[in-house]
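Have a look at the structure below before the remarks.
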Amino acid sequence: MMMRMNNSEQRKCQNCKKDFVIEPEDFDFYKKIKVPPPTWCPECRLVRRLVWRNERCLYKRNCDLCSVAVFSAFAPQAPYAVYCVECYASDKWDAMQHGRPYDWNKSFFEQWRALFTDVPQRNLYVTNSTHSPYGGNMLRDSTRIYLSYSLLSSEDVFYSKDIDTSRSVFDSFDVVESENVFQGMLGYKNYNCDFIYFSRSCLDSRYLYDCVNCRNCFMCTNLRNKEFYIKNAPCTKEEYKREINKIDFGSYKISVSLYEEFLAAIRNALHKYAIILNCSNCTGNDLINSKNARVCFSSHDIENVKFAFRILTTRDAMDLTYLGINSELLYECQGTGSAHSSFVRFNIHGFDGHNHDVQYSANCGSSSHLFGCVGIRNKQYCILNRQYSKEEYEALAPKIIAHMDEVPYISNTRQGSSDKVIEYKYGEFFPIEFSPFAYNETLAQEYFSLTEKEVDSRGYRWRKPDAKHYSVTKNPEDLADHIKDADDSVCDEVIGCAHNGLCKHQCTTAFRVLREELQYYKSRNVPLPRLCPNCRHYERLAQRNPLKLWHRRCSCNKGTSNKEQGTSGYKNTAAHFHGDASCPNELETPYAPERKETVYCESCYNAEIL
Ligand SMILES: [Zn+2]
Ligand SMILES: [Zn+2]
Ligand SMILES: [Zn+2]
Ligand SMILES: [Zn+2]
Ligand SMILES: [Zn+2]
């Protein structure tokens, strides 16, 4: 046994049946937080958590307490009472009334599922956010929000996702500390920019990829500290103005060709193996200010963390998706939500307030020593929402853990033509089939997109879109080409989405344009969209790297071009440490080896760009 602890070990994933490796330091962590090693591979674990997060499939229903009409992540047919944000936070109900004794004749997971179904749910995860009746979901400390998801401390945000501490952001994705941004993605500290991807500290620019500290630049890639550049070539201020004024940005046709040109420029740009800024000993992508983060994505200020996605200021943790502010010792959590939490395992959506020593719980806050609880606040020593004394709890919790191993929950789903049997003992996250959401309602569909058939063959649940109650009054091809020709009447139209539901984008098939939105497009001189907000989000998502890493070589080949790789070829402009030979460096990168882009290691990239 001890021998094994010193070595990495290969296991077969219970879910996908592929082999995966558990490293010695992983075993150390599991020991530290008292959980057995996982039986699912990291990717299946990530998908299993993402299936519990529905951001953008919202339904109209009524609060089951005060009857107010609300939007909810839970479909009206779902078997849950749903309370509006105000009622949920009030004293008008008590989750402890749903408490029950532990039943030694049933598996723990079955009992938890019955409790989870019984306890009311919040319609949306919205905390301290105002003036946003159609705000979207997963909003915290934000104001004047429209159909946006996963926002922190932001204002005036439309059709965007993963936005932190920003103002006036429109149709954007993963933007931090920015203002006045249209079509931004993976941006940090940008101001007044349109179509700005993977760039930082830029202003008054359009169509930039991987640029830093640039101003008045148009259609440029890989620039540092530049002003008045068009297509990576310098020009005078007057030339810049003249050239920019020639481009009719308000025309839809022109915007399509500009975007195609932009995507081609991105394909031909130099790509750093990963976006890892001010970090040490990290692997993953989109990481800032972090230390010892392994296989982590879109996270900042984390330390000793592995397999995390969109996590902030957290240390000593594994298998986390979405937030977890100033927290430590977390494992297998989806939406830890509450800040300053510690020693939390197998948890879904913490409610506000510090949680400590909480496991197998959902929607709980300001609590400690909880096991298998749902929706409770300000409590200690509870199991299945029932109060125990400290002594009773400390005697009962280990017995339940042993019982979970003796009487596991057996998940028996059909997988294609055969059965898929999965055993859930202590140490597993909640089964996918317990999620209130169908696969295609959740973030799993965004990052691991499947067709209905594929979802079915994996034994997951698919939700057929509801028949729409509205009829399209304007086809997208009948919209005015130029924004200056769009009048207020377009705000009364139900516009068909050009994808018409024939994509894997959670397409709503139709959309509306708000009056203030029309004003925005006019003032910014950009055309009306032709796609519904969900399809627009998925189109941006397609330009991002997946939440996966591949091991491959740096593509810097003999210091010249790499035409043989099928790109138009990047030509080195500087001397590299490897001289005339190919770069020997190996990479952990979200660019799969078969990708056509030129992907450089840190050293080759810095030689060219910095
Ligand atoms: Zn797997
Ligand atoms: Zn659509
Ligand atoms: Zn679509
Ligand atoms: Zn290299
Ligand atoms: Zn090189």
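The values are calculated or read from the model by the stated rules, or taken from the named source; none is laboratory data. These numbers come from a predicted model, not from an experiment. Cβ placement follows ideal geometry from the backbone for every residue including glycine, while neighbour counts extend to all protein chains displayed.
Tabulated data
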| item | result |
| --- | --- |
| Hits in the stretch 77-129 - residues which are in contact with an Asp or Glu (Cβ under 7 Å, 6 or more places away or on another chain) and part of a helix (DSSP H, G or I) | 98, 111 |
| Filtered residues of the stretch 56-76 (kept if surrounded by fewer than 18 Cβ atoms within 10 Å (Cβ to Cβ) and part of a loop (DSSP other than H, G, I, E, B)) | 64, 65, 66, 67, 68, 76 |
| Test: residue in the stretch 10-27 that is of a type in the set (Asp, Glu), modelled with pLDDT of 95 or more, away from ligand 2 (no atom under 16 Å from the Cβ) and closer than 30 Å to residue 160 by Cα | no |
| Residue match in the stretch 321-335 (condition: more than 22 Å from residue 430 (Cβ to Cβ) and of a type in the set (Ser, Thr, Tyr)) | no |
| Answer residue from the stretch 570-601, given it is of a type in the set (Ser, Thr, Tyr) and touching a strand residue (DSSP E or B) at 6+ places or on another chain (Cβ under 7 Å) and is farthest from residue 286 (Cα to Cα) among those | 570 |
| Segments classed as strands (runs of 3 or more DSSP E), wholly inside the stretch 291-338, with at least 3 members that are surrounded by fewer than 24 Cβ atoms within 10 Å (Cβ to Cβ) | 291-294, 296-309, 312-321 |
| Residue in the stretch 339-349 that is of a type in the set (Ser, Thr, Tyr), in a strand (DSSP E or B), touching a Ser or Thr at 6+ places or on another chain (Cβ under 8 Å) and at pLDDT below 95 present | yes |
| Residues located in the stretch 6-55, provided they are away from ligand 1 (no atom under 16 Å from the Cβ), in a helix (DSSP H, G or I) and not hydroxyl-bearing (Ser, Thr, Tyr) | 24, 25, 27, 28, 29, 31, 32 |
| Complete set of residues in the stretch 466-490 that are surrounded by 15 or more Cβ atoms within 10 Å (Cβ to Cβ) and either away from ligand 2 (no atom under 16 Å from the Cβ) or in contact (Cβ under 8 Å) with a residue 24 or more places away in the chain (or both) | 472, 476, 479, 480, 481, 482, 483, 486, 490 |
| Residue list for the stretch 364-384, restricted to those being buried (at least 20 other Cβ atoms within 10 Å of the Cβ) and closer than 21 Å to residue 313 by Cα | 364, 365, 367 |
| Filtered residues of the stretch 499-520 (kept if part of a helix (DSSP H, G or I) and either within 13 Å of ligand 2 (Cβ to nearest atom) or without any contact (Cβ under 8 Å) to a residue 60 or more places away in the chain (or both)) | 515, 516, 518, 519 |
| Flag for residue 183 being modelled with pLDDT of 95 or more and in contact with a strand residue (DSSP E or B) (Cβ under 8 Å, 6 or more places away or on another chain) | yes |
